[in-house]
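Notes for the one structure printed next.
The values are calculated or read from the model by the stated rules, or taken from the named source; none is laboratory data. Note that the structure is a prediction, hence the values are computed from the model and not measured. Using ideal geometry, Cβ is built from the backbone for each residue, glycine included, and neighbour counts are taken over all protein chains shown.
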Amino acid sequence: MSLETPDTLEMAIVRSSGLDTLLRDLTDRAVEAVPGAAACSITVRRADRLLTLAGSRGLPSGLDQRQYENGAGPCVQAAETETEQYAPDLAEERRWPAYTEYALSAGVHCVLAIPIAVQGERGAALNLYGVAPGSLERGREAARTFAARVSDAIDVALRVERRRESAADVRTALLSRSVIDQAVGILMAQERIDAGIALERLRRVSQDHNVKLRDLCSDLVARVSGERSARGRT
């Protein structure tokens, strides 16, 4: 198995239409690389909650989510304690009763969760699922090797995602500033007041009616624009 270097991977992600396909490819590669693996997922803690970044083809729906909801399960424990979790036979497993019942009903009998070191996050894990008891036993070393090799790739993917989120926040802030400025201009023209007084009035109405300033200004701009369009048609 060959993985791109962090630099080439970052370039690929930046060119990509999204991260999902590239991360999904990592989980599919894990299934191919680890003997006995039928499915794979990547768990990461973001904003104080665990979520699944990607899952391979064949991953039963809800398999990770059930763990997050219960706060217990192999991938949760691996991410939170940074220790490998292996359940060779879920029918005999007693650590996570609510999860094991669900997993068995989905056809999963063996689970291996390998912690991954991810910069800027407090927990991550590579989760592998087998359909027969003990099916992942001989693939444990290959799973550890794969987890170590993909940690850089996951770091890069998360870094690019943060940049995109930051850029989106900047665009939102600029749009908000623009609509507020337009609303201030409307009040200045309508009531012949200066910009400071107009902005203060908008803020006071926003607070009194428990409405976000941006939303209040958007409504005002939309209403005035609609009135101007109506006059233009008459």
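Looking only at residues in region 52-89 that are free of Cβ contacts under 8 Å to residues at least 60 places away in the same chain and aliphatic (A, V, I, L, M), the one that is farthest from Ala113 (Cα to Cα) is Ala54.
Residues of region 47-67 that are more than 22 Å from Ala132 (Cβ to Cβ) and surrounded by 17 or more Cβ atoms within 10 Å (Cβ to Cβ): Leu50, Thr52, Leu53, Ala54. Report yes if some residue within region 37-46 is touching a Gly at 6+ places or on another chain (Cβ under 7 Å), within 18 Å of Ala147 (Cα to Cα), at pLDDT 85 or above and in a loop (DSSP other than H, G, I, E, B); otherwise report no. Yes; the residues of region 37-46 include at least one that is touching a Gly at 6+ places or on another chain (Cβ under 7 Å), within 18 Å of Ala147 (Cα to Cα), at pLDDT 85 or above and in a loop (DSSP other than H, G, I, E, B). Checking each residue in region 99-137 for being loosely packed, with under 14 Cβ neighbours inside 10 Å and under 26 Å from the mean Cα position of the chain (by Cα) picks out Gln119, Gly120, Arg122.
Number of residues in region 47-98 that are touching a Pro at 6+ places or on another chain (Cβ under 8 Å), under 15 Å from Ala124 (Cα atoms) and of a type outside the set (D, E, K, R) equals 6.
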